[in-house]
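J.: Sharing a structure, written as structure tokens. Questions coming.
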Amino acid sequence: MIAIVKYNAGNIRSVINALHRLGVEPLLTDDALQLQKADRVVFPGQGEAAGAMSYLRERGLDEVIRHLQQPVLGICVGQQLLCRHSEEGDVDCLGVFNSDVRRFIPETKEDKVPAMGWNQLQDLRTPLYDGLDAPYVYFVHSYYCPLCEETIATTHHIVDYSASLHKDNFYATQFHPEKSGSVGEQILKNFLTL
């Protein structure tokens, strides 16, 4: 069973639809036992970090997610919430990844925030990216994870940053695989076979 963490984050429907296209019927749940029993957990989201962390803490989901043992995939805000701290709302997050989330600061008038659109991945590592070579994927975000020891893919918007992170059973993407066409489909397939 593939479980999707249900919380106050937008855009979960597109993740469900992407998994449907792969023949998977995911369970959308905020039930601790269901999340712990799942074969894999997807932690997606668009939204605001402080509000999301408040919601997770109120329901005890912060501790549940932090201690999951099966493969977990954080997407967009899901990646950011798996980090130590976010400048968005100045909030402590789950602390799985040894990185703090920062806001993009435009350096020229051409620098746009949020970063929105297709961007290329570089320096791909781990089986999450098997079969891919410098692919383009879709991003929408105003905050980013700096490069760190857990970075498994990089990209550039104003600065070089972590497009993807990995530690133990936790994987995460700043971009949206569910909106990244055949490349994103391959990444989701790879996650399902980790």
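The values are calculated or read from the model by the stated rules, or taken from the named source; none is laboratory data. Just so it is clear, the model here is predicted, and its values are computed rather than measured. Using ideal geometry, Cβ is built from the backbone for each residue, glycine included, and neighbour counts are taken over all protein chains shown. Accessible surface is based on the protein model in full, side chains and every heavy atom, while ligands, DNA and RNA are left aside. Shrake-Rupley method; radii C 1.70, N 1.55, O 1.52, S 1.80 Å.
J.: Within region 138-187, take every residue that is surrounded by 22 or more Cβ atoms within 10 Å (Cβ to Cβ) and not in a strand (DSSP E or B) and give me the one that is nearest to the chain's Cα centre (by Cα).
T.: Gln174
J.: Out of curiosity, is Phe191 among the aromatic types (Phe, Trp, Tyr), part of a loop (DSSP other than H, G, I, E, B) and in contact (Cβ under 8 Å) with a residue 60 or more places away in the chain? Reasoning before the result, please.
T.: On the way: among the aromatic types (Phe, Trp, Tyr): yes; part of a loop (DSSP other than H, G, I, E, B): no; in contact (Cβ under 8 Å) with a residue 60 or more places away in the chain: yes.
For Phe191, the condition - among the aromatic types (Phe, Trp, Tyr), part of a loop (DSSP other than H, G, I, E, B) and in contact (Cβ under 8 Å) with a residue 60 or more places away in the chain - is not met.
One line per residue, one yes/no per condition, for (1) crowded, with 18+ Cβ neighbours inside 10 Å; (2) within 30 Å of Met116 (Cβ to Cβ); (3) out of contact with any Pro (no Cβ under 9 Å at 6 or more places or on another chain); (4) of a type in the set (Phe, Trp, Tyr):
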residue: Arg21; (1), (2), (3), (4): no, yes, yes, no
residue: Leu28; (1), (2), (3), (4): no, yes, yes, no
residue: Asp39; (1), (2), (3), (4): no, no, no, no
residue: Pro44; (1), (2), (3), (4): yes, yes, yes, no
residue: Ala50; (1), (2), (3), (4): no, yes, yes, no
residue: Glu58; (1), (2), (3), (4): no, no, yes, no
residue: Asp62; (1), (2), (3), (4): yes, yes, yes, no
residue: Gln70; (1), (2), (3), (4): no, no, yes, no
residue: Ile75; (1), (2), (3), (4): yes, yes, no, no
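J.: Go through region 1-27 and give me each residue that's farther than 19 Å from Asn190 by Cβ, in a helix (DSSP H, G or I) and in contact (Cβ under 8 Å) with a residue 12 or more places away in the chain. Reasoning before the result, please.
T.: Of the residues in region 1-27, the ones farther than 19 Å from Asn190 by Cβ are 5-13, 25, 27.
Okay, now just the ones that are also in a helix (DSSP H, G or I), so 12-13.
Listed by number, the list holds a single entry, Ile12.
J.: Evaluate the following for Ile12: is it at pLDDT below 95 and of a type in the set (Val, Ile, Thr)? Quick ask: steps written out before the conclusion?
T.: Details: at pLDDT below 95: yes; of a type in the set (Val, Ile, Thr): yes.
Spelling it out, Ile12 is indeed at pLDDT below 95 and of a type in the set (Val, Ile, Thr).
J.: Of the conditions (1) more than 26 Å from Ala153 (Cα to Cα); (2) under 16 Å from the mean Cα position of the chain (by Cα), Gln34 satisfies every one except a single condition; which number is it?
T.: Just one mismatch for Gln34, condition (2).
J.: Provide a single number: the residues in region 1-19 that are touching a strand residue (DSSP E or B) at 6+ places or on another chain (Cβ under 7 Å) and either closer than 19 Å to Gly60 by Cα or open to solvent by 60 Å² or more (accessible area, probe 1.4 Å) (or both).
T.: First, the residues of region 1-19 that are touching a strand residue (DSSP E or B) at 6+ places or on another chain (Cβ under 7 Å): 1-6, 9-12, 15-16, 19.
Filter once more, keeping what is either closer than 19 Å to Gly60 by Cα or open to solvent by 60 Å² or more (accessible area, probe 1.4 Å) (or both): 1, 3-6, 9.
Count: 6.
J.: Given (1) in contact with a helix residue (DSSP H, G or I) (Cβ under 7 Å, 6 or more places away or on another chain); (2) of a type in the set (D, E, K, R); (3) free of Cβ contacts under 8 Å to residues at least 12 places away in the same chain, identify the lone condition not met by Asp30.
T.: (3)
J.: Okay, next question. Every residue in region 51-108 that is of a type in the set (D, E, K, R) and in a helix (DSSP H, G or I), please.
T.: If the condition is that a residue be of a type in the set (D, E, K, R) and in a helix (DSSP H, G or I), then Arg57, Glu58, Asp62, Glu63, Arg66 are the ones that fit.
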